[in-house]
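Okay, so here's the structure we're looking at.
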């Protein structure tokens with residue numbers, strides 16, 4: 001149940017994540033973050049671009065004030081200076097003159113009259129009107145404050161200029177007043193005046209969202225900018241720059257200390273110099289006049305795009321190899337970035353970049369990689385569990401950590417145990433495969449657990465036989481460990497035989513020590529991990545000798561450090577086809593001390609070269625203990641003994 005729940009959570013999580021990311025990207029917070037960071041990056045990557053040649057800015061700066069001998073405080077300027085500016089702009093051929101300066105009240109009569117006349121004669125001057133909010137009796141009201149009445153009446157038109165500043169940066173401009181939707185702002189009013197069909201143009205403005213995104217051209221003064229003083233002094237170069245253009249007049253500083261009307265934008269530099277309000281107004285007009293403001297999708301469309309990119313990132317990371325997943329996720333991020341940048345720079349279309357590339361790609365891609373690594377880890381665990389039944393843990397870990405089969409084999413001095421079940425061939429003929437499989441499964445449960453608990457590894461299981469190895473046992477103290485194993489196996493087999501009286505499998509055991517080679521043996525597409533060496537064959541011969549000696553367990557002297565009380569020495573034997581004889585021991589299953597003592601004395605006489613005396617003593621022991629298997633075998637074969645009492649086996 002827990003496993004299914006985890007799998008269900010793992011299956012649902014990716015879709016839950018992309019839905020959450022889509023909802024986030026559609027939310028006001030997600031859109032604000034995208035506008036703050038994503039749009040910023042796109043502008044910085046694109047860099048400055050040339051501004052249209054139908055707009056210019058006349059900058060009121062501290063330098064201009066000094067050049068004209070005026071105060072650095074604009075409110076102290078004589079209106080004569082503005083009158084001179086309007087006359088110069090009219091003579092320069094400015095198409096429209098747009099003031100981002102609020103002429104709230106009159107000052108000296110001569111200057112005011114000069115400015116009124118200049119505005120009236122030019123006939124193309126638009127003035128800035130200010131909106132103001134008041135709270136009376138808890139009710140907020142908003143009204144318009146027009147410029148000084150003589151100027152207002154002389155001007156071609158007036159309109160407000162409002163820039164959304166959220167929270168401290170400008171990314172949009174208003175084409176309609178936010179509180180009075182039928183009232184166009186100053187940049188939009190200028191654009192409307194240029195249109196041949198004012199009704200159609202007005203309908204188009206009404207169909208647009210009220211706050212389009214500014215398509216900034218670059219840092220401060222990217223738009224063609226001329227100093228106020230140069231225009232007033234009628235510089236030919238200045239006149240050339242202004243001819244036929246819509247001219248916006250207002251503060252536009254050259255350096256940060258002179259900054260009075262600055263707004264933080266994507267192009268605000270490290271020197272702290274912001275883009276002036278008049279330049280932003282000119283940018284808004286330029287965007288409208290060239291259809292170059294930034295288009296944007298609806299929130300739900302942005303959400304769908306983020307969801308699609310997230311899903312693609314997840315699928316790539318989830319189903320490719322780790323290296324392929326990393327390359328694929330990086331490729332998705334690159335393609336999404338290129339697509340977003342291409343739409344931005346080529347189509348003036350703002351698509352989500354931060355929410356898609358910075359958030360969705362790593363989160364969904366990372367989730368896909370994690371789920372894949374989790375799946376691979378679980379698969380590895382399952383494979384290790386499964387193959388751990390066939391391979392030693394060390395070998396399994398070595399296979400996992402490298403590609404292909406290890407070319408190097410390990411060589412050990414090992415203790416080997418071979419077991420074999422009596423009567424297996426008879427049972428295999430009489431039982432069906434299903435019955436035999438169930439019986440042998442129970443049989444293996446009697447043999448293998450004691451071996452594994454003692455640190456042994458199973459080298460081979462074939463039919464009724466098991467070959468086990470202990471690679472790190474001290475051969476002289478091996479019996480201290482193996483005695484417990486043998487006793488446990490014998491107890492388990494006795495219990496197995498009691499539970500299956502008609503299908504009993506008495507088991508013989510042989511134990512020997514020697515050099516082995518452990519590794520993968522085979523060819524082409526079939527290999528087996530197994531042990532190679534004479535020790536395996538010799539141990540198998542020992543196990544088989546139990547049948548001739550009438551014993552259950554035989555242990556070679558190589559596995560013993562000294563005389564062991566639990567073992568009975570049987571003598572020195574030589575197997576058929578073997579050159580080296582083995583001193584062999586078995587369990588003291590018959591506790592009769594007389595038998596043990598007399599047998600031991602007879603063997604010592606035989607090994608001392610007293611063959612006749614040994615034969616007589618063995619005959620005597622056999623008369624009293626005819627059921628003793630070792631005595632019976634020696635009596636039958638003592639005549640073939642050679643050397644220092646070496647008794648040969650007549651068959652394998």
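Taking Cα atoms, how many degrees apart are the long axis of helix 277-289 and the longest axis of the chain, rounded to 10 and kept between 0 and 90? It works out to around 80 degrees.
Summary of the geometry: region 532-597 and region 4-61, compared by the centres of their Cα atoms, lie 82 Å apart. Scaled against 2.2 N^0.38 Å for its residue count N, the alpha carbon radius of gyration of region 525-652 is 1.12. In terms of packing, defined here as the mean over residues of other Cβ atoms within 10 angstrom, the peptides 300-311, 328-339 line up highest first as 300-311, 328-339. Our note on the geometry: Cα centres of region 455-507 and region 284-320, 70 Å apart.
Normalised by residue number, the volume inside the convex hull of the Cα atoms of region 410-589 is 136 Å³ per residue. Any idea what diffusion coefficient region 53-291 gets from Stokes-Einstein, in µm²/s, Kirkwood Rh on alpha carbon pairs, 25 °C, 0.890 mPa s? Translational D for this selection: 135 µm²/s.
Across the chain, the relative contact order, built from alpha-carbon pairs under 8 Å that are at least six residues apart, equals 11 percent.
Sorted ascending by nearby beta carbons within 10 Å, beginning with the fewest, 265, 419, 13 become 13, 265, 419. With contributions of -39500 (n - 2.57) from each DSSP H run of at least four residues, the per-residue ellipticity at 222 nm computed over the chain stands at -15500 deg cm²/dmol. Measuring from label point to label point, each 7 Å out along Cα→Cβ, what is the residue 197 to residue 454 span in nm? Here the modelled spin labels are 10.2 nm apart. Just want to confirm a number: the relative contact order over region 410-589, from Cα pairs under 8 angstrom separated by 6+ residues, in percent. That works out to 25 percent. In this label model, residue 338 and residue 476 are separated by 7.3 nm, measuring between points 7 Å along each Cα→Cβ vector. Using bins of 10 Å that start at zero, the share of Cα-Cα pairs per bin across region 419-469 amounts to 24, 52, 21, 3, in whole %. Among 616, 578, 73, the order by Cβ neighbours within 10 angstrom, fewest to most, reads 73, 616, 578. Distance distribution P(r), region 93-132, all Cα-Cα pairs, bin width 5 angstrom from 0: 5, 21, 25, 27, 14, 6, 1 percent.
Working ranking of peptides 581-592, 50-61 by packing, defined as the average number of other Cβ atoms within 10 Å per residue, highest first, is 50-61, 581-592. Relative to the longest principal axis of the Cα atoms of the chain, helix 198-207 runs at roughly 30 degrees. For region 592-652, the extents of the C-alpha atoms along the principal axes are 29, 26, 15 Å, listed from largest to smallest. Converting the Cα gyration tensor eigenvalues of region 262-351 into ellipsoid dimensions via √(5λ) gives semi-axes, longest first, of 36, 17, 11 Å. The calculated P(r) of the chain, using every Cα pair and 20 Å bins from 0, goes 14, 26, 14, 11, 13, 13, 6, 1 in percent. Counting only DSSP beta bridges with both residues in the chain, the antiparallel share comes to about 65 percent. Counting neighbouring beta carbons within 10 Å and listing from fewest to most, the residues 36, 552 come out as 36, 552. Counting each pair of different Cα atoms once, what's the Kirkwood radius of region 1-94 in Å, rounded to one decimal? Across region 1-94, the inverse of the average 1/r is 19.8 Å.
Readers should treat all values here as calculations from the given coordinates under stated rules, not as data from a laboratory. As the structure is a computational prediction, the values presented were derived from the model and not from experiment. Reconstructed Cβ throughout: ideal geometry from the backbone, glycine too, with neighbour counts over all protein chains shown.
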